[in-house]
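Report on the following structure.
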Amino acid sequence: MAIGHAFIELESVDSTNNYAMAQASSGMASHGTLFFAYDQFAGKGQRGRTWTSKPGENIVLSAVLEPVTLKTGQVFFLSACVALACHDLFSRYAGSEETSIKWPNDLYWRDRKAGGILIENHFKGDHWPLSIAGMGININQVQFPPTAKRPVSLRQITGRSFEAPALARELGVCLDKRYHQLEMGQTAELIADYNARLFRRGQEVRLKKDIAVFTTVVKGVTAQGMLQTRDVLDREFNFGEVEWLLD
C-alpha cells in the first residue's frame, strides 16, 4: 500500500513515534499509515534528546514502514530515503539551493535547523519487519525556546502561513516516491541524491571528537552512512562519533 493510504490525526500524544509503534506492534496499523499530531508533549529526538514543537504549528508526523524486502545492513538507505523526502517537501517552498541535509538526519535551510528525523527500527534476527520514521519540520512557528539551536521555520523564510496537516499529507506523497526508489533497488541513486544535497559539502567545517576540535572538508557520506572528510588525512566517522561546531 502507498505511504499515506491512512492519515490519522491526533489532538495530543506523548510521541507520535511511540503511538505509531504501539499501533503497528498490535496489528492496528499497517505499512504506510501516517500519524499526525497537533500537540506532542514528549517528542523524541536523536540520542535521547527531546523534540519540542508549538501545538498546531508544525509537522509532527510518524510513518509506519515495513521494510521486509531490505536487509538489516541497509539501515542508512532508509534513513537517506526519509531525509530526502523531507528535503523534497521543504525545498519546494523554501528553495532547493538553500535547503540541505545535515548529516545524518537534520533538515537545514542555510545554516539553520528546519527539521529533524528519528527512525526507530525493530529487528527480528535477520528480518526487518518494522520501522517507525518520525519527522518533525518547523512550519508556522516563529518563537522558539532558548534551548533550540539555530531554528528556522517555513513561515520565517517565506512570510506565509501554511496548513500543517496538508503539508504533512504532501510529505507522505514525497516519502512514498522515495520509498518506491528504495523498493526498486535504486540505492545508488538515493545515496547520490543525498550527497548532492549534503550540508556544507566541499566546504571546511569544524568538528569535535571527544575533546579534540579540528577543521576538515566535508567530502560525502558512504552507503553505510559514514561521514567522509579530508584535511591532512582522509577520515570517516560513524553517527554519534563527532559533533558539528557551527559559527
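The values are calculated or read from the model by the stated rules, or taken from the named source; none is laboratory data. Here the structure is a predicted model, which means the values were calculated and not measured. A quick note on method: Cβ atoms are made from the backbone with ideal geometry, for glycine too, and the neighbour counts reach across all protein chains shown.
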Original post:
Under the condition of being aliphatic (A, V, I, L, M) and touching a residue at least 40 places away in the same chain (Cβ under 8 Å), which residue from segment 161-190 is surrounded by the fewest Cβ atoms within 10 Å (Cβ to Cβ)?
Top reply: Val173
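The rows are residues; the columns are (1) in contact with a strand residue (DSSP E or B) (Cβ under 7 Å, 6 or more places away or on another chain); (2) among the hydroxyl-bearing types (Ser, Thr, Tyr); (3) at pLDDT 95 or above.
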| site | (1), (2), (3) |
| --- | --- |
| Leu190 | no, no, yes |
| Asp193 | no, no, yes |
| Arg201 | yes, no, yes |
| Val218 | yes, no, yes |
| Thr222 | yes, yes, yes |
| Leu227 | yes, no, yes |
| Asp231 | yes, no, yes |
| Asn238 | no, no, yes |
| Leu246 | no, no, no |
Original post:
Inside segment 151-230, counting only helices (runs of 4 or more DSSP H) that do not spill past its ends, which hold 2 or more residues that are assigned by TED's automatic domain parsing to the domain that holds Arg110, aromatic (Phe, Trp, Tyr) and within 23 Å of Glu243 (Cα to Cα)?
Top reply: none
Subject >> Pairs, first farther than 13 Å from Ser30 by Cβ in segment 58-78, second at pLDDT below 90 and buried (at least 16 other Cβ atoms within 10 Å of the Cβ), C-beta under 6 Å, six or more apart >> reply: Val60/Ser53
**OP:** Could you list all residues from segment 86-98 that are more than 8 Å from the chain's Cα centre (by Cα) and either surrounded by 24 or more Cβ atoms within 10 Å (Cβ to Cβ) or under 23 Å from Ser131 (Cα atoms) (or both)?
**Re:** His87, Asp88, Leu89, Phe90
Original post:
For segment 10-22, how many residues are within 24 Å of Lys177 (Cβ to Cβ) and either over 21 Å from the mean Cα position of the chain (by Cα) or outside the structural domain of Val64 (by TED's automatic domain parsing) (or both)?
Top reply: 0
